[in-house]
Amino acid sequence: MSVRVRFAPSPTGLLHVGALRTVLFDYLYARKMGGVNILRIEDTDRARYNPDSEAEFVETLRWVGIDFDEGPHIGGPHAPYRQSERKEAGIYAREIQKLLDNGTAYKAFDTSAELDEMRELQQINKIATGYFGGKWRDASASEVAEAEAEGKPFVIRLKIPKDRTIVLQDLIRGRVEWDSNVIDDPVLIKADGMPTYHFAAMVDDHLMEITHILRGEEWIPSAPKHIALFEAFGWTPPIFVHCPVIVGNDGKKLSKRHGATRVLDYAAQGFMPQSLKNFIALIGWSPGEDREVLSEVELIKLFDLDRLQPSPGRFDMEKLQWLSGHAIRALDIDDLIQKIVDFVAFDYARTYHHSEVAEDEGGAEEQAKRIARWASLELLANHPDRDYVRKCVVLEQERVTTLADFGEACEFFLVDQPKMDAKAVEKWLGQAHVPALFEVIGAFCEGGGNNTPEAYEKLLRDFQATSGLEKLGPIVHPTRVALTGKTFGPGLFELMAVLGPARISSRLSEATKVH
RNA sequence: GGCCCGGUCGUCUAGUGGUUAGGAUGCUGCCCUUUCAAGGCGGAGGUCGCGGGUUCAAGUCCCGUCCGGGCUACCA
């Protein structure tokens, strides 16, 4: 039987990192097995419904490079793929009737006030809370008919069998058992007629012929309900795969405090999607060899559910950064430039770089940095001299970890006069030999000297020889500061050849004035 | 409270009875070098949560215990 997996998010908000990992595993497994990857929207909770959510999922997953074979945005043989639409189509009404008919589900007319009272009593008596039958599980047909005739609202609950052991055979965790008497009767259909997750998800998984249910481990406690539901229908349940969660550095659930949880924020920060995938896949899974940097193809080829690990993993930003830098360095230069151009055209990245930054993430200072970074990125992407852009990017390629980093890295290439680091100016530009040095370089540039790294190197080394200075540093550093405003960056001779004589002369004369 | 899941260097992990407990990241030293990176070569960092047991032999199997996390809704 062909593998069919599904990502079934509830459209209540953004796509976060934890959910991404589950879809990634769905996707990798489907692709590896030549199976089908399905997107299904679980919008049965009207109160929490967010109309922008579905578009967020689709856009984000497109960026990451995770695609679907069936879903609300592309259709498929099991359409519709939104549960609200499936409800309208009468699917859940039809299925629940089967359970009502075979006696495995029942109508319960308790009011929410009654249920609250019941729970309170259970808590006081320190016994398990939940609905273990109440007065309706075994109510007589006439009692039910009477309540219905009065028009009382009701829910439909599943009859969890008594005095049994319910067994979950989880692919990652093995056998997990429950005494069925500790499992309460879950609501299947709410008073408003909408199905609950428990009902809709399992019915759809069966109808859509899902072979493996990959979901977060927070679902383990409700697994026995789902298994009992499959039994009530007489259906064979799919294979359950409860994936470990991703937590923050403090071991707690990933939240805003740990950095971005919204996947699209990583796109906006200029991370390479492949490295995010690579990184996320490595939390809870490994190929079993000592290999960590994996291409898309390798990821698919090597991935296997058998190698999933049960323990939760922490989200380590530094490793993501290493992976992203690695991916950028591996890129062909023209490809890289195209990616930078695309990045600058990416609306959300622009928005991200211009939105307010919370105090604990750097506040106004960080925000100013982002705005400057973006401005420089735009200069780079829109620069008329593409050959110049190419040369700048080549020199910075091995010094960045994200696409956005090119903003800061290339800034001095792009502006008329770079911002000068005051400390660097003070340290290097005041030295006695500097005026003579700049004069020599200026003369070389205006006199039509060769604009090559080799020629500049010879020029500066010759100056060193005649000046009597022992090291090249006192010559290189002031020049670098005058030309870039910084004490670090690409090789001086290479960057001089990129800047060219005109920029060099004007910057040197500016630098002379500054000091 | 009840039920459930988890526990190997700071972090991500390899490991399925016999290994000096391996790799990666991060940290750090050296090399390269005009700086910063990148790259190359080293180093520190783990009494495998703890305590019993089984065994000639336990990170690996069993029991107990501690700690962390989840669920305990007409939310998913």
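The values are calculated or read from the model by the stated rules, or taken from the named source; none is laboratory data. Quick caveat, the model's predicted, so the values are computed rather than measured. We place every Cβ from the backbone using ideal geometry, glycine too, and count neighbours over all the protein chains shown.
Worth a mention:
- Counting only helices (runs of 4 or more DSSP H) that sit completely within the stretch A:243-338, those holding 2 or more residues that are more than 10 Å from RNA strand B (Cβ to nearest atom), under 15 Å from the mean Cα position of the chain (by Cα) and among the small types (Gly, Ala, Ser) correspond to A:263-268.
- Only one of the numbered conditions (1) of a type outside the set (Phe, Trp, Tyr); (2) within 9 Å of RNA strand B (Cβ to nearest atom); (3) at pLDDT 95 or above is not met by A:ILE239, and that is (2).
- A:HIS198 being within 11 Å of RNA strand B (Cβ to nearest atom), of a type outside the set (D, E, K, R), modelled with pLDDT of 95 or more and surrounded by fewer than 22 Cβ atoms within 10 Å (Cβ to Cβ): yes
- Between A:LEU403, A:LEU395, the distinction of being among the hydrophobic types (A, V, I, L, M, F, W, C) and outside any helix (DSSP H, G or I) belongs to A:LEU403 only.
- Test: residue in the stretch A:21-28 that is aromatic (Phe, Trp, Tyr), more than 11 Å from RNA strand B (Cβ to nearest atom), out of contact with any strand residue (DSSP E or B) (no Cβ under 9 Å at 6 or more places or on another chain) and assigned to a helix (DSSP H, G or I): no
- Scope the stretch A:114-145; condition among the acidic types (Asp, Glu) and either buried (at least 16 other Cβ atoms within 10 Å of the Cβ) or farther than 26 Å from A:GLU95 by Cβ (or both); matching residues: A:GLU114, A:ASP116, A:GLU117, A:GLU120
- Pairs are defined by a Cβ separation below 7 Å, a sequence spacing of at least 6 or placement on different chains, a first member in the stretch A:347-369 that is at positive phi, and a second member that is modelled with pLDDT under 95 and surrounded by 12 or more Cβ atoms within 10 Å (Cβ to Cβ); the pairs so defined are A:GLY363/A:VAL357.
- Tabulated pairs, the stretch A:473-498, first under 21 Å from A:GLY430 (Cα atoms), second within 9 Å of RNA strand B (Cβ to nearest atom) and among the charged types (D, E, K, R), C-beta under 6 angstrom, 6+ apart or interchain: A:LEU492/A:ARG480
- Of all residue pairs spaced 6 or more apart or on separate chains, those with beta-carbon atoms under 8 Å, a first member in the stretch A:235-254 that is at negative phi and a second member that is part of a loop (DSSP other than H, G, I, E, B) and among the charged types (D, E, K, R) are A:HIS242/A:ARG173; A:ASN249/A:ASP316.
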